[in-house]
1. Pairs needed: first member in segment 126-145, outside any loop (DSSP other than H, G, I, E, B); second member anywhere, charged (D, E, K, R); C-beta distance under 8 Å; at least 6 residues apart or different chains.
2. Can you tell me which residue in segment 136-185 is farthest from Arg90 (Cα to Cα), limited to those that are in contact with a Phe, Trp or Tyr (Cβ under 6 Å, 6 or more places away or on another chain) and not hydrophobic (A, V, I, L, M, F, W, C)?
3. Please tell me if Val204 is more than 17 Å from Phe100 (Cα to Cα), of a type in the set (Val, Ile, Thr), out of contact with any Ser or Thr (no Cβ under 9 Å at 6 or more places or on another chain) and in contact (Cβ under 8 Å) with a residue 12 or more places away in the chain.
4. In segment 51-88, which residues are buried (at least 17 other Cβ atoms within 10 Å of the Cβ), in contact (Cβ under 8 Å) with a residue 24 or more places away in the chain and among the aliphatic types (A, V, I, L, M)?
5. For segment 172-188, indicate whether the set of residues that are at positive phi and of a type outside the set (D, E, K, R) is non-empty.
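The values are calculated or read from the model by the stated rules, or taken from the named source; none is laboratory data. If you're wondering where the values come from, they're calculated on a predicted model, not measured in any experiment. Cβ atoms come from the backbone with ideal geometry, glycine included; neighbour counts cover every protein chain shown.
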Amino acid sequence: MSTGSTLDRGASPPMVRVRGLRKSFGDHVVLQDIDLDVASGEVVVIAGPSGSGKSTLCRCINRLEVADSGEITVAGRAVPLEGRELARLRAEVGMVFQQFNLFAHKTVLQNVCLGPVKVLGRKGDQAKQRAMELLDRVGVADHAGKYPAQLSGGQQQRVAIARALAMDPKVMLFDEPTSALDPEMINEVLEVMKGLAADGMTMVVVTHEMGFARSAADRVVFMDGGRVVEEAPPEQFFAAPRSTRAQEFLSKVLTHG
């Protein structure tokens, strides 16, 4: 069970609310009684060792994985199981994965325009204008006419971020967005994410990039063994983690990361 997961942020309901979330794959319990609130405009980094349940939690929030039990609400509404309501929710919850998942046979511009036209019903010209604004924002507008294979990994991931933003999401989920990138490309993606955080985007970020957690997170949630072990503002978490498990984790990642 998480310790102190509800922050006192006034009367407004959290943008994301998770209560009693449990998930198993066969006999393997991946998430155990997870409680988590993410306030509107808050940036929460979920950290922890591999296999601790971080990515599964992220995927449960927009129902890419269906939890065994528990409750998830986004913007005050329960996450639906299926159908049009689920499609509508996924439009409001942008997700950026480890792999870029761009359509190889479509240009960068077409990749970013597809969702707004097909899902939101936007006119082509309107979608293109917005897509170009977003591609400019993430620094790849010059590549709008290229195909994904013509871009570097860092450029492709920035296109993936623009594609998610094109749906005007209320919250953005990032599942290890830099883990598939060469080291020199990581910073260009993290800088885009820092810009989103500075602009007030609600973000849940699963990452091993502790520098990003230090500089951009409002709160670090540390998971291990499918549980939330502790959570704290980054300055407190990095200077004086309360749990032995977090102390061990940080001693490894800060020494070798």
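1. Once the first residue is outside any loop (DSSP other than H, G, I, E, B) and sits in segment 126-145, its partners that are charged (D, E, K, R) give Arg130/Arg122.
2. For segment 136-185, the residue satisfying everything is Gln156.
3. The answer is yes for Val204.
4. Across segment 51-88, the qualifying residues are Leu57, Ile61, Ala67, Ile72, Val74.
5. No: segment 172-188 contains no residue that is at positive phi and of a type outside the set (D, E, K, R).
So that you can scan it fast, the table gives a plain yes or no per residue for (1) among the hydroxyl-bearing types (Ser, Thr, Tyr); (2) crowded, with 20+ Cβ neighbours inside 10 Å; (3) within 30 Å of Gly195 (Cβ to Cβ); (4) modelled with pLDDT under 95:
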site	(1), (2), (3), (4)
Gly4	no, no, yes, yes
Leu7	no, no, yes, yes
Phe25	no, no, no, yes
Val29	no, no, no, yes
Leu36	no, yes, yes, no
Pro49	no, no, yes, yes
